[in-house]
1. What whole-number distance in Å separates the alpha-carbon centres of segment 25-95 and segment 180-238?
2. Multiply the residue gap between residue 194 and residue 372 by 0.36 nm, knock off their C-alpha separation, and tell me the result in nm, one decimal place.
3. What order do you get for 69-78, 85-94 when each peptide is scored by the mean count of other beta carbon atoms within 10 Å, highest first?
4. Which residues' amide hydrogens lie under 5 Å from the amide hydrogen of residue 358, considering only partners 5 or more residues apart or on another chain, with H built in the peptide plane?
5. How long are the three semi-axes of the equivalent ellipsoid for segment 129-180, computed from the Cα gyration tensor as the root of 5 times each eigenvalue, in whole Å, largest first?
6. What FRET efficiency, computed as 1/(1 + (r/R0)^6) with R0 = 41 Å and r the Cβ-Cβ distance, is obtained for residue 409 and residue 222, rounded to the nearest 0.05?
7. Rounded to the nearest 20 debye, what is the charge dipole size of the chain about its Cα centre when +1 sits on each Lys and Arg Cβ and -1 on each Asp and Glu Cβ?
8. So, counting K/R as plus one and D/E as minus one, what does the shell of residues with Cβ under 14 Å around residue 73 add up to?
Amino acid sequence: MTSPTGLPHSRRCPIWLIPVMWTLGLGLWGLSRQDSVWRDEAATWQAAERSPAEIWHLLGNVDVVHGGYYLLMHALFECFGAGTTTLRLPSVLAMAVAAACVTAIGHRLADKWVGLAAGMAFGLLPAVQFYLQEGRPYALVAAGAGISTWLLVHLLHGRDRTAYWVAYGGTVLLCGLLNWLSLMVLLAHLATLVRTRAGRRVWIRWAASSTAATAGVLPLALFSREQAQQVAWIPPLTWHMVIGPAILLLIGGVGALLDRPRPGRLSVAAVALPLLAVPQLGLLGISLVRPLFLDRYILYSLLGMALLIGTVVGAAVRAAAPRLPRAPMWILPTVIAVATAALLPQSLAKRSPESRVDDVVAITSEVRRLKKTGSAVLFVPADRRDTQSLSPSAFTGLRDIALTRSPQESGTLKGVEAPPSRIRAAMLTQQRILLVTDTPQVAKPPTTARDRTKMSVLRKYFTPVADEQTRGRRVTVYERLVSVRG
């Protein structure tokens, strides 16, 4: 049975279920990426395999902003085992939840067509497809932002219940613990409250919920400043970096202009435009003081983009309906089909190992082939030790001559290495050394004295006899020059 609009009755088939299944399908398609794992996901994998005590030790040194996510992934690894499916499936499920929220918000504020178009468009957005299959917390933050926005919409429509406000504050708190930059969603919601001229009671309850959530996240945000060197690699803001947000805001502005709210109802634009614009502009502003502009930090802002895209499609449906009564039945499927076909090359690319800067485990087969028991192994930079951490069996029989404290023992992801002089002395006692590093396409000049020493000794006293490169990682075998004495 269908409704007069041609859609299934919500009692028989909830409208949000269609985008959920659509997003799940996109997420499960090519989920393993040919069993590749790139360096950011390797950090999650390493942390998740540690005990809670070891994770706590790690957070005191690095990645405190991801502590809650690492503990969640540890629990999932314990229950379901380590693997690319366990690593990435939480992100797939989270994006499906976000798609459901987008659909429900569009449906509530406009109509079923706006909601359905917004939910379907969300899963197709290129950035969403990228992080849909990423073993990092950004999809979970997007889901939390979707839930909190959906709750706010219900609260502004008269369901002013204490339980809803508690749920709202709790959701914002959890998102903040996954990424404290997600607190900018509160500023987006603040703009919505101003736009809708919310009543005094709503303002008081929103302020109480927001303050409680912010207070819960504040210790994490303050402590994370002590680990600011982890993001020191992010480049300063440039005009080139502003182009993307500018295009998004331009498209969002067009969608807002086409929004036609029902009389006396909260408009889609009043919710969607702040959700898109405030995090983008906020992070741009922060980056003028400290470079932090990475699209993944504000991935949740694309919830607003999807809603505004839904508004455009909804406007097309409304415009065509008087002349073509069956227009709603073919406009949305046609738009989705055209968008899917247009984005297919990009969708395929994002599901290949080459979509990431490297593959931590791809080179291990070459390590197994090239190694000889008793040979030494070095990593440049030391972060490339993640290959050994994820595939320790591939390095059995090799001696890590630079390492003095393991990653687990030191509470780090890369371990602690000896001083340059000791590394040099240890290298000069070796006849054969395997070097695991980056390929020339992604490699950067050595930035530490330890790494400069490693490369200097290899160039002066050793000669390369084998070299293999796979998916951003490289292993080179060096043998001692016979004519040179230490």
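1. Measuring centre to centre over Cα atoms gives 25 Å.
2. Values: separation 178, 0.36 × 178 = 64.08 nm, distance 6.82 nm.
This chain segment gains 57.3 nm when fully extended.
3. Working: 69-78: 18.1, 85-94: 20.1.
Peptide ranking by packing, descending: 85-94, 69-78.
4. HN-HN under 5 Å from residue 358: 39.
5. Values: eigenvalues 124, 28, 6 Å².
So the equivalent ellipsoid measures 25, 12, 6 Å along its semi-axes.
6. Working: r = 28 Å, r/R0 = 0.67.
The pair residue 409/residue 222 has a calculated efficiency of 0.90.
7. Values: 51 positive and 27 negative charges, 91 e Å.
Roughly 440 debye, rounded to the nearest 20.
8. Values: positive: 50, 88, 136; negative: 40, 41, 49, 54, 63, 78, 134.
The answer is -4.
The values are calculated or read from the model by the stated rules, or taken from the named source; none is laboratory data. All values derive from a computational prediction rather than experimental measurement. Note that we place each Cβ from the backbone using ideal geometry, even for glycine, and neighbour counts take in every protein chain shown. Please note that ligands, DNA and RNA were not included when accessible areas were found on the heavy atoms of the full protein model with its side chains. Shrake-Rupley method; radii C 1.70, N 1.55, O 1.52, S 1.80 Å.
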